[in-house]
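Worksheet: the structure to be examined is printed underneath.
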Amino acid sequence: MSRMLSKMFKFAAIVSVLGLISASAYAGNAFQGYALFNQSCFLCHGTSGKGDGPLAKKLDVAPADLSDTAGSAAGGSDRQLFGLIQGTIKHGSGTSAMPQWGLAMPANQINSLVSYIRFLQRSKHSLPGDPRIGLQIYMDNCAACHGRSGKGDGPLAAVLNLKAQDHTDSAEMNKHPNSHLIEVVTHGTPGKSLMPGWKDMLSEAEIKGVVSYLRLLSAY
Ligand code: HEC
Ligand code: HEC
């Protein structure tokens with residue numbers, strides 16, 4: 001290979017790596033974010049992020065309402081939200097009890113918190129159950145068709161030539177209320193497609209758990 005060509009290839013490789021990094025710079029895992037939020041944040045911000053956690057009344061500066069995007073710092077860019085959580089961007093009052101989470105959490109966990117806070121802000125539907133129950137159910141019963149990441153590209157869908165729903169499409173998922181998703185998972189879509197019903201295999205709590213897990217597969 002000429003030197004010129006090899007330089008061009010190196011340049012192309014660097015550009016494509018940079019492209020990957022910038023595309024996924026703040027792309028976290030909302031499910032991991034849910035778990036972290038309910039360990040480290042709910043005490044002040046409340047489980048729904050509204051700032052009404054059990055410690056909130058004891059604080060001099062009220063914990064921010066993270067679900068409110070209008071005019072709040074939490075409604076800024078992903079980069080800003082990341083910095084506010086990490087502690088590298090100063091908070092409004094500068095005197096509050098908001099911890100610097102960068103001292104305790106690696107960047108990938110903070111990214112996951114950003115994803116979960118975006119879910120709280122943008123999803124039209126709340127979680128009807130416990131997604132931690134849903135994770136295992138999903139991997140055992142749904143990933144074969146819907147794919148491990150929820151894109152509808154599982155190995156069983158491939159051999160059966162099925163078009164299984166893409167659960168990572170937030171616009172599409174937002175169209176469906178929890179009651180519809182629960183109904184579909186319980187009874188399947190007989191006559192319409194090969195989506196099986198799970199009422200004989202899964203309990204009501206398990207079905208609500210797996211629907212909750214589906215909601216966190218969407219990217220916001
Ligand atoms: C001990 C209570 C406490 C805990 C725990 C806590 N926060 Fe906070 N947080 C606050 C307070 C108080 C503020 C308001 C800061 C200010 O205005 O100075 C705040 C502000 C924020 C903001 C800025 C939002 C805005 O619009 O100004 C973000 C983002 C945030 N917290 C995320 C988190 C996350 C994520 C966690 C868990 C990893 C967490 N917080 C845990 C008390 C807490
Ligand atoms: C045999 C393959 C297969 C398996 C296993 C499977 N699905 Fe499906 N699923 C499909 C297909 C195909 C569709 C597309 C149905 C349609 O659009 O009518 C679908 C659609 C869906 C939909 C959207 C339906 C609608 O009308 O809105 C949901 C929600 C869903 N599946 C959840 C699940 C869950 C949860 C599991 C595991 C408990 C699961 N699926 C297991 C094949 C499967």
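The values are calculated or read from the model by the stated rules, or taken from the named source; none is laboratory data. None of the values given here were measured: they were computed from a predicted structure. Cβ coordinates were reconstructed from backbone atoms using ideal geometry, including for glycine residues, and neighbour counts include every protein chain displayed. Heavy atoms of the whole protein, side chains included, go into the accessibility calculation; ligands, DNA and RNA do not. Shrake-Rupley method; radii C 1.70, N 1.55, O 1.52, S 1.80 Å.
Remarks
- Value of D in µm² per second that Stokes-Einstein yields for segment 110-169, Kirkwood Rh from Cα pairs, at 20 °C (1.002 mPa s): 167
- What you get for the chain, charging only the Cβ of Lys and Arg (+1) and of Asp and Glu (-1), is a dipole of about 720 debye around the Cα centre.
- Distant alpha-carbon pairs in the chain (separation over 20 angstrom), percent: 64
- Number of Lys-Lys pairs in segment 131-217 with C-alpha atoms under 18 Å apart and a separation of 8 or more places or on different chains: 5.
- For the chain, calculated [θ]222 nm from helices alone, where every DSSP H run of n ≥ 4 adds -39500 (n - 2.57): -14000 deg cm²/dmol
- Heavy-atom accessible area per residue - the chain, 1.4 Å, Å²: 59
- Percent of Cα-Cα distances greater than 19 Å, calculated over segment 30-122: 31
- For the chain, built as a Gaussian network whose Cα springs stay under 10 Å, the top-fluctuating residue of L81, L103, L127: L103
- Per-atom-type breakdown for the chain gives carbon and sulfur 59% of the accessible area (1.4 Å probe, protein chains only).
- Volume per residue of the C-alpha convex hull in segment 128-220, rounded to whole Å³: 90
- Farthest towards the positive end of the charge dipole of the chain, among the residues A219, L43, A62, is the Cα of A219, using unit charges on the Cβ of Lys, Arg, Asp and Glu.
- Other residues lying with their Cβ under 12 Å from the Cβ of V211 contribute a combined charge of -2, Lys and Arg counting +1, Asp and Glu -1.
- Listed by chain and number, the lysines whose alpha-carbon sits under 19 Å from that of K58, ignoring those within fewer than 8 places in the same chain, are K50.
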